Amino acid sequence: MSLLPILEFPDSRLRKIASPVTVFDEKLEVLIDNMFETMYNAQGIGLAATQIDVHKRLLVIDVSENKDSPLTFINPEFEVIENELSEYDEGCLSVPGFYDTVSRPQRIKVRAQDRLGQAFEMEADGILAVCIQHEVDHLEGKLFVDYLSSLKRQRIRKKLEKEHKKSA
């Protein structure tokens, strides 16, 4: 397995809309394993393929305390089953060092495929529901900073651009 570079805001590649996964093969298995390794190494709880410059509808999540409950969602779609919103302080591996409050539906139903292409459905609530919605946003070219005011988004953009220039 190997670590993959994570794109950082405001990289325009984060705005690409992902295409459906149609081939379930060994190459996909390796990509999924590398995504998990990358996510765990970066201390994240979710990672969308878009964040590693692979524009396929694929995301990996593990919200467990011990990082022992990996979940793979391929071609995920969700529907809200409870309109009540919850507020969570969200962060993002593509927006390192920044956290802000985002309101999202509390309970969702997800339809997706697993790493072998088998369809499944599940209900999610709490942090898992938030994480799924956050990662699906990535597949649509949307970031959590899009939920913030334009002023906050500009401040974050300027700070990250400054950091990128320093490290270049």
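Let's see how each residue does on (1) in contact (Cβ under 8 Å) with a residue 12 or more places away in the chain; (2) closer than 19 Å to Met35 by Cβ; (3) open to solvent by less than 30 Å² (accessible area, probe 1.4 Å); (4) of a type in the set (S, T, N, Q):
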site: Phe78; (1), (2), (3), (4): yes, no, no, no
site: Cys92; (1), (2), (3), (4): yes, yes, yes, no
site: Glu135; (1), (2), (3), (4): yes, yes, yes, no
site: Leu151; (1), (2), (3), (4): no, no, no, no
site: His164; (1), (2), (3), (4): yes, no, no, no
For the stretch 62-76, which residues satisfy the criterion of being in a loop (DSSP other than H, G, I, E, B), open to solvent by 40 Å² or more (accessible area, probe 1.4 Å) and not acidic (Asp, Glu)?
Val63, Asn66, Lys67, Ser69, Pro70
Condition first: within 22 Å of Val21 (Cβ to Cβ) and of a type in the set (S, T, N, Q). Can you find one or more residues in the stretch 54-65 that meet it?
no
Output for the stretch 61-70, where each listed residue is touching a residue at least 40 places away in the same chain (Cβ under 8 Å) and either over 28 Å from Glu163 (Cβ atoms) or in contact with an Asp or Glu (Cβ under 9 Å, 6 or more places away or on another chain) (or both):
Ile61
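Hey, could you check the stretch 137-149 for residues that are under 13 Å from Arg104 (Cβ atoms) and assigned to a helix (DSSP H, G or I) and say which is least open to solvent (accessible area, probe 1.4 Å)?
Phe144
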Filtered residue count, the stretch 32-44, keeping only those that are open to solvent by less than 40 Å² (accessible area, probe 1.4 Å) and assigned to a helix (DSSP H, G or I):
6
Every residue from the stretch 102-126 that is open to solvent by 60 Å² or more (accessible area, probe 1.4 Å), in a strand (DSSP E or B) and under 19 Å from Leu47 (Cα atoms):
Arg111, Asp125
Condition check for Ile132: under 12 Å from the mean Cα position of the chain (by Cα), modelled with pLDDT of 95 or more and of a type outside the set (Phe, Trp, Tyr):
yes
May I ask you to list pairs of residues, at least six apart or on different chains, whose Cβ atoms are under 9 Å apart, with the first in the stretch 12-35 being in contact (Cβ under 8 Å) with a residue 60 or more places away in the chain and under 25 Å from Lys67 (Cα atoms) and the second being of a type in the set (Gly, Ala, Ser) and surrounded by fewer than 12 Cβ atoms within 10 Å (Cβ to Cβ)?
none
Check whether at least one residue in the stretch 2-22 is touching a Lys or Arg at 6+ places or on another chain (Cβ under 6 Å), crowded, with 20+ Cβ neighbours inside 10 Å and part of a helix (DSSP H, G or I), and report yes or no.
no
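Leu59: assigned to a helix (DSSP H, G or I), open to solvent by less than 60 Å² (accessible area, probe 1.4 Å), in contact with a helix residue (DSSP H, G or I) (Cβ under 9 Å, 6 or more places away or on another chain) and not basic (Lys, Arg), yes or no?
Numbers: assigned to a helix (DSSP H, G or I): no; open to solvent by less than 60 Å² (accessible area, probe 1.4 Å): yes; in contact with a helix residue (DSSP H, G or I) (Cβ under 9 Å, 6 or more places away or on another chain): yes; not basic (Lys, Arg): yes.
Spelling it out, it is not the case that Leu59 is assigned to a helix (DSSP H, G or I), open to solvent by less than 60 Å² (accessible area, probe 1.4 Å), in contact with a helix residue (DSSP H, G or I) (Cβ under 9 Å, 6 or more places away or on another chain) and not basic (Lys, Arg).
The values are calculated or read from the model by the stated rules, or taken from the named source; none is laboratory data. Predicted, not measured: the structure shown is a model, and the values here were computed from it. Virtual Cβ from ideal backbone geometry, glycine too; neighbours counted across all protein chains shown. Keep in mind that these areas ignore ligands, DNA and RNA; they rest on the heavy atoms of the full protein, side chains included. Shrake-Rupley method; radii C 1.70, N 1.55, O 1.52, S 1.80 Å.
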